Amino acid sequence: MGGETVFNAIWLLTILPELLLLILALIVLGVDLALPAERKRSLGVWTAAGLVIVLLVSLLAPVPEEAAFGGLVRADPLGRVFRAMFLLGGVLVALMSMDFRPLRQDGPYYGMLLFSLLGMCLMAVAENLVMLYVAMELTSISAYVLVGYLREDTFSAEAGLKYMLFGAFTSAVMLYGLSLLFGLTGGTGYMEVAAALREAPFSLAMVGFLMVLVGFGFKVAMVPMHFWTPDVYQGAPTPVTAFISVASKAAGFAVMLRAFRFIFPSLGGEWVALMVAISAVTMTLGNIFAVWQKNIKRMLAYSSVAQAGYILIGVAAASRLGIAAAAFYLIIYTVTNIAAFATVVLVSNLTGSEDIESFAGLSRRSKFLAWGLMLALFSLGGVPPFAGFIGKLILFAGAVQSGLIALVVIGVLNVIVSLYYYLNVAKVVFERRSEEEEEPVPIPVPSRWVLGFTMAAIVILGVLAAPVFNWVWRASGAWF
Amino acid sequence: MTIRQLLEILTVLIPLPPFLAFAFIVLFFNRWKRLSHSIAIGAMALSFLMAQIVFWTVIGWGGEALYEHPIAVQVPWLPSGDEVLSMGVMVDPLTAITLFFVSITCLAIFIYSVGYMHGDPRYSRFFAYISLFATGMLGLTVADNLLMLFIFWEIMGLCSYLLIGFWFEKPSAYRAAIKAFLTTRIGDVIMLLGIAYLYSQTGTLSFAAILRDEAVLHELAVTPSVISGLSVAAAVGLLLFAGTVGKSAQFPLHVWLPDAMEGPTPVSAMIHAATMVSAGVYMVVRMFPLLAVGMEGAVGTPPMVAMAIIGSFTAFFAATIAVAQDDIKRVLAYSTISQLAYMVAALGIGAYVAAAFHLVTHAFFKALLFLGSGSVIIGAHHEQDMMEMGGLRKRMPVTFWTFLIGGFALSGFPILTAGFWSKDEILAYAWHLNPVVFWVLAAGALLTAFYTMRQICLTFLGEPRGEHAEHAHETPWVMTGPLVVLALFALFFGFVGVPEEFPVLGELIGYNWFHHFVGATVGELLHHLPGPESFNPVPLAISVVAALGGLTLGWLVYGRRPLKAGETDPLARWLGPVHTVLKNKYYIDELYHFVFIRPTVWLAGAVFRWFDRGLIDGILHGIARLGEILGIANRWVHTYVIDGGVVDGSAKVVGATGRELRQVLQTGQVQHYLLQVLMFLCAFALLYILFF
């Protein structure tokens, strides 16, 4: 039994990336003190470079297969896929932040970003209810701070407060659910809980499931736990919005996939039926609301709700293909959404506005930006040959394999609706003229890297998906 | 790195340079004409070089060795559940020979275009398009599976649309472009069905996995398909053949090709010689083991029978139309249809190598003829009506002599021309295997020689009959140069495929290289195909008589006493109403217009009016109305219920979300949000507690 060993040094390898993240955060905070104010922008480089190293270590370092720390965490292959996904998102967001004026010289901001990432990485590998809760709280609390970081800006401050209120509420509900599960089963490790749950009364187990779902649902922004998204996305500093929309959502899915796979299989068809319904409602509401938006960040917020709906298709499929497809889609979604937000940062830097109308004439101001945004929108809308198309294709394939044909039909119809508002932005970018269109948009080097990388990834993942998907697919094998 | 690895890399790279040229010209260099054509030609030359290196190296290995170990590279491409679709390239003997002629003809056409397109306002765009076109053909050639072949096939379909309609100011040009696109699309869709059916039965689309695996082929041949009486192999074969009927313009989908002459002439050469129509035949040649599986002796499988019937009919049918055409390019267009039909018919009777041989020789002499006609058109100031030409022999000597060589090759002029050797081989097999096909093809050969001579006489001999022909001049070297090179191939390429039993020459050359090399593509199957055991002089004699007879007849009618200006075609006088029918292409376009197009347009109009406007829009308006009602109701609830009891949020939030009043749910107030989450939770918790 793992409980008998109090400590084993090899366990440190399991959480090596997390340890490195902690060290990196301390380094960044230290450097912040040492650097003169005018050179503090280089903190973004420190953060990004450090994260790249952590990412490489997390991919390459040997990791013990078995659970560590008495069953608190298990760095299995799929957990490592998720961890790499968050770290990649972190690198891109750190670079992107360097071009966002209000934040780019702020050391504690980068530190908070790293602490949030640390929480996410732990979420990806947590295999114990208590560990799960602690990791989620670490992630969330750092994220509340990040959202409300611009204290002078009422929008940001209000968004932070809203995010915290909503988060605290859902977190409380989830904690209640966790305690219910503990009460029912007398254990906190996923395997113990799952084993005891088979004997427990079904309705109580289901209520526990529902309460936990509220907590997860907040993270992934699924209906009806999505209400915070438009307000928070709009109010938060744009790089933070990007961070929440990709890494935080992906972390939510990481814990959701693992918990559903290992804790609740005994609930069988009931939770699947519920997830099918939630998935259908989530993508439909997200898409319909997105159609009305005039602010691009609000539009992307609803779009991210809809995207969560698509990914829930994979969760509902509950098969190996479904889970692998969800994870693969999250990788695609990470690069795609970051590309979209990176263009928003640059355009709003110049125009001071986040209205879709302010993108008029962008194709004449900067071809590079216009195409970056275009690729991102096409990928989100599932236009072949871009990454989003392949991602949706595999998600739908997983659902078909599990017999959820109706859900796939709803999904396809939703994709069609979503094209309306994605292409609407493309229309403004390429067709609408504006008076300032002679004035080019300057693209600083960090954004150049972010956009170049994400654009290449969108195209490459679209035309040559197999290598990355195979990686995810092999990783998903450990769960089955 | 071994030579094999080097060749693998080269093969992967072959389609790439023209694609990059396309991308660079479109994105960056479309304002610089010289730069554009330099990039396009440079890229094509690079592809040409790589293709030739691959070709000449594998020739050294020999056909059997290449069949045993083809050059093959694969990468996993598209995950599809438990399996992964792979993309890859493969070079077997058929690929090698196709790369050889495609790269040569494409390069010649690229260089020629510099002269032909000179001064065109969309010069750069033209080079971008033909670069993409070349990418399509080269990619299709090296593809190692049907899906990839189909992708490049469709790229070519797109390019043909863009290029046929290149001068879209002319209504006839854009109509021709749409016609070509839609007509070939009919074949493509049916072909895609065949591909999907094949995939559903075998789980793979790789050529190697299907065509080289006896067990798979046998399984396909004995499994009954959804259509009673047909095996899966036969059903798939018929569906795939429909793709060829569209792409290679066989009856009844031949109507697009003559209209495609609206494009610039290099495009015609590209479509009709080097790439698109060849692709149609290439595909069935490639899939031949599947089409032929289940063949017993000389009795063909259903797809082969279909090919023999459609091929021989089209060969004769198109030749009769060509006799009565006056446009210099239209004559060539119908001759293309007719010559492709020879290949289709040859495959239909099992003359695999002969079909491939004619594919190659035809590519050379037809490219030559099209470029020659383009040279005439440029030299004669954009005159295309042969009745207005005449007397160009002295004014355009290089064009004349090369056109003469091309024409003689097309007619199958004995011994000297490449066309003779390939056509004679088809006829020799037909004589042995199917007399009906033989006589139809022989009659077609007679007509071919006749209309070719008619064309040469009307264009080049006698005195000018029109203003433009009077002032014609020879074209610059960028145009005549490619003509000369292609003329050499039209003359001498045939000698690589001289039958060993052929009197005198056969012994002199001693080795039918083409037969051994390309025949190796199908491995063992080649030895099971029926064919003439020994040399038979009868079909040879008939073929020679047909070629020489047709040429002589043509000379007697048009050459001995050239037409004067204003004189009507003597053929029209003698044939009377028959000539009118031929001139109007048997009224097939009119028939299609009446039977297919008018009803479709009517149906589309009706559907638009009743279904789209009435039903769909009605539903949409209904939903919009519903949303409006909900919004109003929601506002009412807010004003009188919620705001009465709950504290207002900050004014800013309301301002930001005020636009969302339509939405029932998004109020901007956290209390509402939390309330709704709680309602969700309680509702479902109650549901589970009470009902489970």
Determine which member of the set A:VAL240, A:VAL232, A:VAL276 is touching a residue at least 40 places away in the same chain (Cβ under 8 Å), away from chain B (no Cβ under 12 Å), part of a helix (DSSP H, G or I) and surrounded by 24 or more Cβ atoms within 10 Å (Cβ to Cβ). A:VAL240
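Restricting to region B:499-515, name every residue that is under 28 Å from the mean Cα position of the chain (by Cα) and in contact (Cβ under 8 Å) with a residue 60 or more places away in the chain. Break it down stepwise before answering.
Filtering region B:499-515 for residues under 28 Å from the mean Cα position of the chain (by Cα) gives B:513-515.
Of everything in region B:499-515, those that are under 28 Å from the mean Cα position of the chain (by Cα) and in contact (Cβ under 8 Å) with a residue 60 or more places away in the chain turn out to be B:PHE514, B:HIS515.
Would you confirm, using the coordinates I've provided, whether B:ALA196 is touching a helix residue (DSSP H, G or I) at 6+ places or on another chain (Cβ under 6 Å) and either assigned to a helix (DSSP H, G or I) or not hydrophobic (A, V, I, L, M, F, W, C) (or both)?
Details: touching a helix residue (DSSP H, G or I) at 6+ places or on another chain (Cβ under 6 Å): no; either assigned to a helix (DSSP H, G or I) or not hydrophobic (A, V, I, L, M, F, W, C) (or both): yes.
The answer is no for B:ALA196.
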Just name the residue that is surrounded by the most Cβ atoms within 10 Å (Cβ to Cβ) out of those in region B:650-692 that are facing chain A (nearest Cβ under 9 Å), at pLDDT below 55 and closer than 18 Å to A:ALA236 by Cα. B:VAL653
Please state which one of B:LEU526, B:LEU486 is closer than 30 Å to B:GLY374 by Cβ and either in contact with a helix residue (DSSP H, G or I) (Cβ under 9 Å, 6 or more places away or on another chain) or of a type outside the set (A, V, I, L, M) (or both). B:LEU486
Pairs, please: C-beta under 6 Å, at least 6 apart or cross-chain, first residue over 24 Å from B:THR98 (Cα atoms) and modelled with pLDDT of 75 or more and in region B:518-543, second part of a loop (DSSP other than H, G, I, E, B) and small (Gly, Ala, Ser)? B:PRO530/B:ALA298; B:PRO530/B:GLY350
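Please work out if A:MET211 is facing chain B (nearest Cβ under 9 Å) and either over 26 Å from B:LEU675 (Cβ atoms) or outside any helix (DSSP H, G or I) (or both). Before the answer, list the steps.
On the way: facing chain B (nearest Cβ under 9 Å): yes; either over 26 Å from B:LEU675 (Cβ atoms) or outside any helix (DSSP H, G or I) (or both): no.
For A:MET211, the condition - facing chain B (nearest Cβ under 9 Å) and either over 26 Å from B:LEU675 (Cβ atoms) or outside any helix (DSSP H, G or I) (or both) - is not met.
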Do the conditions hold for A:GLY183, that is, is it assigned to a loop (DSSP other than H, G, I, E, B) and surrounded by fewer than 19 Cβ atoms within 10 Å (Cβ to Cβ)? no
Which residues, taken from region B:394-419, are crowded, with 22+ Cβ neighbours inside 10 Å and either outside any loop (DSSP other than H, G, I, E, B) or not assigned by TED's automatic domain parsing to the domain that holds B:GLU474 (or both)? B:THR399, B:THR402, B:PHE403, B:ILE405, B:GLY406, B:GLY407, B:PHE408, B:ALA409, B:LEU410, B:SER411, B:ALA418, B:GLY419
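Being more than 27 Å from B:LEU526 (Cα to Cα) and charged (D, E, K, R) is the filter here, so list the residues in region B:167-212 that pass it. Can you show your working first?
So the first thing to find is which residues in region B:167-212 are more than 27 Å from B:LEU526 (Cα to Cα), and the list is B:167-190, B:192-193, B:196, B:200.
Listed by number, the residues that qualify are B:GLU169, B:LYS170, B:ARG175, B:LYS179, B:ARG185, B:ASP188.
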Take the residues in region A:160-171 that are buried (at least 23 other Cβ atoms within 10 Å of the Cβ) and more than 10 Å from chain B (Cβ to nearest Cβ), then tell me which one is nearest to A:MET211 (Cα to Cα). A:GLY167
A:PHE202 within 13 Å of chain B (Cβ to nearest Cβ) and surrounded by fewer than 18 Cβ atoms within 10 Å (Cβ to Cβ): yes
Can you pull out every residue in region B:97-115 that is buried (at least 24 other Cβ atoms within 10 Å of the Cβ) and either of a type outside the set (A, V, I, L, M, F, W, C) or not in a helix (DSSP H, G or I) (or both)? B:THR98, B:SER103, B:THR105, B:TYR112, B:SER113
Region A:362-402, residues that are within 14 Å of chain B (Cβ to nearest Cβ), out of contact with any strand residue (DSSP E or B) (no Cβ under 8 Å at 6 or more places or on another chain) and within 17 Å of A:GLY314 (Cα to Cα): A:ALA387, A:PHE389, A:GLY391, A:LYS392, A:LEU393, A:LEU395, A:PHE396, A:GLY398, A:ALA399, A:VAL400, A:GLN401, A:SER402
Which is of a type outside the set (Gly, Ala, Ser), under 30 Å from B:ALA472 (Cβ atoms) and outside the structural domain of B:THR105 (by TED's automatic domain parsing), of B:VAL293, B:VAL331? B:VAL331
Hey, B:SER47 under 18 Å from B:GLY139 (Cα atoms), surrounded by 23 or more Cβ atoms within 10 Å (Cβ to Cβ) and either small (Gly, Ala, Ser) or within 14 Å of chain A (Cβ to nearest Cβ) (or both) or not: yes
Give B:ARG330, B:ARG286 a once-over and let me know the one that is among the charged types (D, E, K, R), under 25 Å from B:ILE97 (Cβ atoms) and touching a helix residue (DSSP H, G or I) at 6+ places or on another chain (Cβ under 7 Å). B:ARG286
Residues of region B:414-446 being within 25 Å of the chain's Cα centre (by Cα) and within 30 Å of B:PRO562 (Cβ to Cβ), which ones? B:ALA418, B:GLY419, B:PHE420, B:LYS423, B:GLY444, B:ALA445
Enumerate the pairs (first residue in region B:669-692 and more than 15 Å from A:PHE218 (Cβ to Cβ); second residue anywhere and among the hydroxyl-bearing types (Ser, Thr, Tyr) and at pLDDT 85 or above) with beta-carbon separation below 7 Å, excluding pairs fewer than 6 apart on the same chain, so at least 6 apart or on different chains. B:TYR688/A:SER203; B:ILE689/A:SER203; B:PHE692/A:SER203
If you go through region B:562-581, how many residues are exposed (fewer than 13 other Cβ atoms within 10 Å of the Cβ) and acidic (Asp, Glu)? 1
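The values are calculated or read from the model by the stated rules, or taken from the named source; none is laboratory data. Just so you know, these numbers come straight off a predicted model, no measurement behind them. Ideal geometry is used to build each Cβ from the backbone, glycine not excepted, and the neighbour counts take in all protein chains shown.
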